[in-house]
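One structure is given below, encoded as structure tokens.
The values are calculated or read from the model by the stated rules, or taken from the named source; none is laboratory data. Treat the numbers as computed from the prediction; the structure is a model and nothing was measured. Every residue, glycine among them, receives a Cβ derived from its backbone with ideal geometry; neighbour counts consider all protein chains shown. Side chains are part of the model used for accessible areas, which takes the heavy atoms of the whole protein and leaves out ligands, DNA and RNA. Shrake-Rupley method; radii C 1.70, N 1.55, O 1.52, S 1.80 Å.
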Amino acid sequence: ELKVEQNPLFLSMQEGKNYTIYCNYSTTSDRLYWYRQDPGKSLESLFVLLSNGAVKQEGRLMASLDTKARLSTLHITAAVHDLSATYFCAVGRRGTSYGKLTFGQGTILTVHP
Amino acid sequence: GAGVSQSPSNKVTEKGKDVELRCDPISGHTALYWYRQRLGQGLEFLIYFQGNSAPDKSGLPSDRFSAERTGESVSTLTIQRTQQEDSAVYLCASSSRGQANYGYTFGSGTRLTVV
């Protein structure tokens, strides 16, 4: 059974600082997604990573995938308050472009002035 | 439609009653997924449709839960004899087969409260 673990689960940051959220998964996969969820809202797709070594960047967020280590990271650069949200990684079954995603527990990020 | 539409957005029901939740996926999306999110928790997979067949319904928690889909269109998730532990946000997502690059698009969810 595929297990996905994120850490940390809670992250309190000061504005301007950098930090990384880690997503480990238990079985081979080459399909990794990062989502953002604001309180009371649905999930917004941030990144889709589909191969070993994939790196994607959008604004202050950068995501990477190491399929050999079964690890994805979401790096936050010079955090701003608007980034406060819950971030989820999700892993799909290797070799397919569909089917269920298994989600991590989520990381609640709070950015303080 | 432009996005994934779910209804109702909120539902309060008495314990023991049946409820139906509806999901209208993005037009042309062949795959449809139901997830459950309990308060403060991650997403729990329930069922996946490809067209109107369900290749994976491994996440349905009990036989009180069922889902169906008409063609490549609307899906309904039915919970019979609701229990308090069924209280959660039920999220629907859709995707286009072979379009993994774009990820899955989620609806806004139905918040179900069983009292």
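Centroid-to-centroid, using Cα positions, region A:1-19 and region B:1-64 are 27 Å apart.
Projecting the Cα atoms of A:Leu65, A:Gln37, A:Ile21 onto the charge dipole of region A:4-112, computed from C-beta unit charges around the Cα centre, puts A:Leu65 farthest toward the positive end. Looking at region B:1-98, the accessible area is 48 square angstrom per residue; that uses a 1.4 Å probe and ignores ligands, DNA and RNA. Burial annotation for region A:34-69: residues with an accessible-area loss of at least 50 Å² between the isolated chain and the complete set of protein chains, computed on heavy atoms with a 1.4 Å probe, are A:Ser42, A:Leu43.
Of the lysine pairs in region A:4-112, how many meet both conditions: Cα atoms under 23 Å apart, and a spacing of 8 or more in sequence or different chains? Eligible lysine pairs with Cα atoms under 23 Å apart amount to 5.
For region B:5-103, carbon and sulfur atoms together expose 41% of the accessible surface, with a 1.4 angstrom probe and every protein chain in place.
Buried accessible area for the B:A pair, summed, 1.4 Å probe, in Å² rounded to 100? Summed over both sides, the interface buries about 1600 Å².
Accessible area of A:Cys89 (1.4 Å probe, protein heavy atoms only, ligands and nucleic acids ignored): about 0 Å². Net charge of the neighbourhood of B:Glu14, taken over other residues with C-beta under 13 Å away and scored Lys/Arg +1, Asp/Glu -1, is +2. Normalised per residue, the accessible area of region A:1-84 is 53 Å², obtained with a 1.4 Å probe and no contribution from ligands, DNA or RNA. Chain A: longest stretch without exposed GluC sites (Glu not before Pro) (DSSP loop, at most 13 other Cβ within 10 Å), sites themselves excluded? Answer - A:16-113. Loop-located GluC sites (Glu not before Pro) in region B:1-48 (DSSP state other than H, G, I, E, B) with a sparse environment of at most 14 neighbouring Cβ atoms within 10 Å: B:Glu14.
Normalising the average separation of contacting C-alpha pairs (under 8 angstrom, six or more residues apart) by the number of residues puts the relative contact order of chain B at 37 percent.
For region B:27-70, heavy-atom accessible area (probe 1.4 Å) falls by no less than 50 Å² from the chain alone to the full protein assembly at B:Leu43. Near B:Thr105, once Lys and Arg are set to +1 and Asp and Glu to -1 for all other residues with Cβ below 13 Å from its Cβ, the sum equals -2. Net charge in the neighbourhood of A:Val4 (other residues with Cβ under 13 Å of its Cβ; Lys, Arg +1, Asp, Glu -1) is +2.
Taking only protein heavy atoms and a 1.4 Å probe, the accessible area of region A:4-112 is 49% carbon and sulfur.
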